[in-house]
Amino acid sequence: MTRFTVEPLPSHPNLEHQQKLAKRLLRHVWAVRRGYADIVEMLLAADPNPPLLHENEFGGIPLGACVHGSLHGWKTGFPQDHRRTLTLLLEAGSPVDPTWLPTGNDELDTVMRAWLKSGGKRMEQE
């Protein structure tokens, strides 16, 4: 019987960086997609360079995950506020393209149109 020895991969700075980035992205996208605005606010405040432009496996960015989650997500039993989550992402610097409208969520469309009309200025809380 042949025995195989499994040796750990050698540590590589780029690999470690990619693993940290993946964990960071997972937290952001998980919270954004579910509309957990309080968690998104905390993550954005703690991250000097949030992954707002990082594309997921479908080519979407976190703002798109927020819209998708508002349309296709499920109730989790926890407070969900995709409108506020979207606003937080925009105020943190996420891009928005007018061709993404309409999204299928009138409430989010209103926020995105107001953001575009304002030229990307901070929106006042209603």
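The values are calculated or read from the model by the stated rules, or taken from the named source; none is laboratory data. On a predicted model such as this, the values are computed, not experimentally measured, just so you know. Here the Cβ is made from the backbone with ideal geometry for all residues, glycine too, and neighbour counts use every protein chain on show.
Observations on the model:
- Condition met for THR99 (under 16 Å from the mean Cα position of the chain (by Cα) and among the polar types (S, T, N, Q)): no
- Test result for LEU53, modelled with pLDDT of 85 or more, loosely packed, with under 12 Cβ neighbours inside 10 Å, at negative phi and within 10 Å of the chain's Cα centre (by Cα): yes
- Identity of the residue in region 72-91, in a helix (DSSP H, G or I) and either β-branched (Val, Ile, Thr) or on the phi > 0 side of the Ramachandran plot (or both), that ends up surrounded by the most Cβ atoms within 10 Å (Cβ to Cβ): THR85
- Scan of region 56-71 for residues that are surrounded by 15 or more Cβ atoms within 10 Å (Cβ to Cβ), assigned to a helix (DSSP H, G or I) and of a type in the set (A, V, I, L, M, F, W, C), ordered by number: LEU63, ALA65, CYS66, VAL67
- Any hit, region 94-111, residues being under 16 Å from VAL40 (Cβ atoms), out of contact with any helix residue (DSSP H, G or I) (no Cβ under 6 Å at 6 or more places or on another chain) and either modelled with pLDDT of 95 or more or not in a loop (DSSP other than H, G, I, E, B) (or both): no
- Test: residue in region 92-113 that is buried (at least 17 other Cβ atoms within 10 Å of the Cβ) and touching a Lys or Arg at 6+ places or on another chain (Cβ under 8 Å): yes
- Scanning region 70-77 turns up one or more residues that are basic (Lys, Arg) and at pLDDT below 90.
- Matching residues in region 27-50 - criterion: being modelled with pLDDT under 90 and part of a loop (DSSP other than H, G, I, E, B): ASP47, PRO48, ASN49, PRO50
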